[in-house]
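The values are calculated or read from the model by the stated rules, or taken from the named source; none is laboratory data. Source: prediction; values computed, not measured. Every residue, glycine among them, receives a Cβ derived from its backbone with ideal geometry; neighbour counts consider all protein chains shown.
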Amino acid sequence: MGLFDKLKGELVDIIEWVDDTNGQTLVWRFPRYQNEIKNGAQLIVRPGQSAVFINEGRLADVFTEGRHELATNNLPILSTLKGWKHGFNSPFKCEVYFVSTKIIGPLKWGTPNPLMMRDPDFGAIRLGAFGTYTLRCTDAKLLLKQLVGTDGVYDTNEVNDVMRSIIQSSFATVLGQNKVPALDLLSSYEIFGESVRKQVATQVDDEYGLEVPNLKIVNINVPEGVQKALDQRASMGALGSSTLGPAPNLAAFQQFQMGTAMGQPGGRMSPGMDLGMGLAMAGQMANQVQQQPAMAGPPPLPQAQGYFFGINGQNVGPLVLDVAKQFVTMGQIKSDTLCWTQGMAAWTPAGQVPALAVLFGQVGGPPPLPGGGPPPMPR
């Protein structure tokens, strides 16, 4: 090889990037090494790319898609940095970075640890979430300055590490600001995901030169206890319950709970079950039922009288007779269990209440009426 051929080999006359990484590379530095770019070299920027020239650590000119001949007239910033007042005729050294400007993704995000939130239906609960998002560079200079630095290759794995932390923070912020109940979140993935996307966009557009065209929530993980409550309400609907809304019928819910427990091996509710918690939830549902406006239709049937019982030191009720009978069958209510209902002056053993005595096989006559007996039959 002659001297001319050696000098020719050290000059770069075509600068281009053919991305063969299946869209996984965001920034790629042209491997110039010690070679110099000759005057009039051809720069080829393909669709979905930008080319950025950097001279001695300072950002210079940016080229969009097309074929460009490198000369003084289209390198104004570099000419100023190099001091080319009257053009240049000799080769020059300069770093060239290609930046992908097409949509990258979908990439995955998720919350590594559940987030605590206050829910109006279930109290304080923990929620986790995961989903996908897409990414696109809108400002190549800003991206190079803030994230890439001197890396020769900057791929989606590196940018995903940054984006995941931003999305997690934005998810927690939107969750706290909107105070959306967990049950509403499960049916509002699209709306809630858009709110998170906008929150993320405000942090990455001016700071990193990126935009997030799309962000999806694939799933929100609710605690196991909440999942069981949802499954029970769905099962009630399958068994013919009148509603799957937030306030199913109290008696139906209690009967469903006890029937489920009795259907387990052994046929009885174990003492270790969270009976108090289940009944407290049922009582809350009863209050919600009373607060709901009446639906159009026939007037409601007269409400059966409910009784309160002292079970394991807890005030349980009100229970209608049919439900109380099942508690008696399971041994939760006995004849000496204290009870009370509207009109009673004090708590009384259940076996001494005529309406409840029949549940224990202690059928007795009604108490005498004032005046010595019932009124005479009409003629």
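Details
- Odd one out for Pro47, checked against (1) in a loop (DSSP other than H, G, I, E, B); (2) closer than 30 Å to Ile220 by Cα; (3) not basic (Lys, Arg): (2)
- Among (1) in contact with a Leu (Cβ under 7 Å, 6 or more places away or on another chain); (2) closer than 25 Å to Glu211 by Cβ; (3) among the aliphatic types (A, V, I, L, M) - the single one Met117 does not satisfy: (2)
- Boolean, Ser242 is under 25 Å from Ile333 (Cβ atoms), over 12 Å from the mean Cα position of the chain (by Cα) and at pLDDT below 65: no
- Boolean, Val52 is modelled with pLDDT of 90 or more and over 38 Å from the mean Cα position of the chain (by Cα): yes
- Residue satisfying all of: in the stretch 146-180; part of a helix (DSSP H, G or I), within 19 Å of the chain's Cα centre (by Cα) and among the aliphatic types (A, V, I, L, M); surrounded by the most Cβ atoms within 10 Å (Cβ to Cβ) among these: Ile167
- Restricting Val45, Val62 to residues that are touching a residue at least 60 places away in the same chain (Cβ under 8 Å) and not aromatic (Phe, Trp, Tyr) narrows the list to Val62.
- Condition met for Asp139 (charged (D, E, K, R), farther than 30 Å from Tyr189 by Cβ and in contact with a Phe, Trp or Tyr (Cβ under 6 Å, 6 or more places away or on another chain)): no
- Every condition in (1) part of a strand (DSSP E or B); (2) modelled with pLDDT of 90 or more; (3) within 25 Å of Thr156 (Cα to Cα) is met by Leu59 except one, and the failing one is (2).
- In the stretch 348-357, the condition of being on the phi > 0 side of the Ramachandran plot and either modelled with pLDDT under 85 or of a type in the set (S, T, N, Q) (or both) is met by no residue.
- When restricted to residues that are under 21 Å from Asp151 (Cβ atoms) and touching a Phe, Trp or Tyr at 6+ places or on another chain (Cβ under 6 Å), the stretch 44-88 contains 6.
- Checking each residue in the stretch 72-103 for being over 30 Å from Leu135 (Cβ atoms), in a loop (DSSP other than H, G, I, E, B) and touching a helix residue (DSSP H, G or I) at 6+ places or on another chain (Cβ under 9 Å) picks out Trp84, His86, Phe88.
- Qualifying residue in the stretch 112-122 (condition: part of a strand (DSSP E or B), buried (at least 16 other Cβ atoms within 10 Å of the Cβ) and within 17 Å of the chain's Cα centre (by Cα)): yes
- For the stretch 65-91, the set of residues classified as at pLDDT 80 or above and more than 13 Å from Lys141 (Cβ to Cβ) consists of Glu65, Gly66, Arg67, His68, Glu69, Leu70, Ala71, Leu75, Pro76, Leu78, Ser79, Thr80, listed by residue number.
- Filter result (touching a Leu at 6+ places or on another chain (Cβ under 9 Å), surrounded by fewer than 19 Cβ atoms within 10 Å (Cβ to Cβ) and in a strand (DSSP E or B)) within the stretch 123-145: Arg126, Gly128, Thr132, Thr134, Arg136
- Contacts under 7 angstrom Cβ, first residue in the stretch 317-331 being at positive phi, partner of a type in the set (Ser, Thr, Tyr), 6 or more apart: Gly317/Tyr307
- Answer residue from the stretch 189-224, given it is crowded, with 16+ Cβ neighbours inside 10 Å and of a type in the set (Ser, Thr, Tyr) and is farthest from the chain's Cα centre (by Cα) among those: Tyr208
- Qualifying residue in the stretch 100-112 (condition: farther than 30 Å from Asp155 by Cβ, out of contact with any strand residue (DSSP E or B) (no Cβ under 7 Å at 6 or more places or on another chain) and modelled with pLDDT under 85): no
- Residues of the stretch 180-196 satisfying the condition of being β-branched (Val, Ile, Thr) and more than 10 Å from Lys216 (Cα to Cα): Val180
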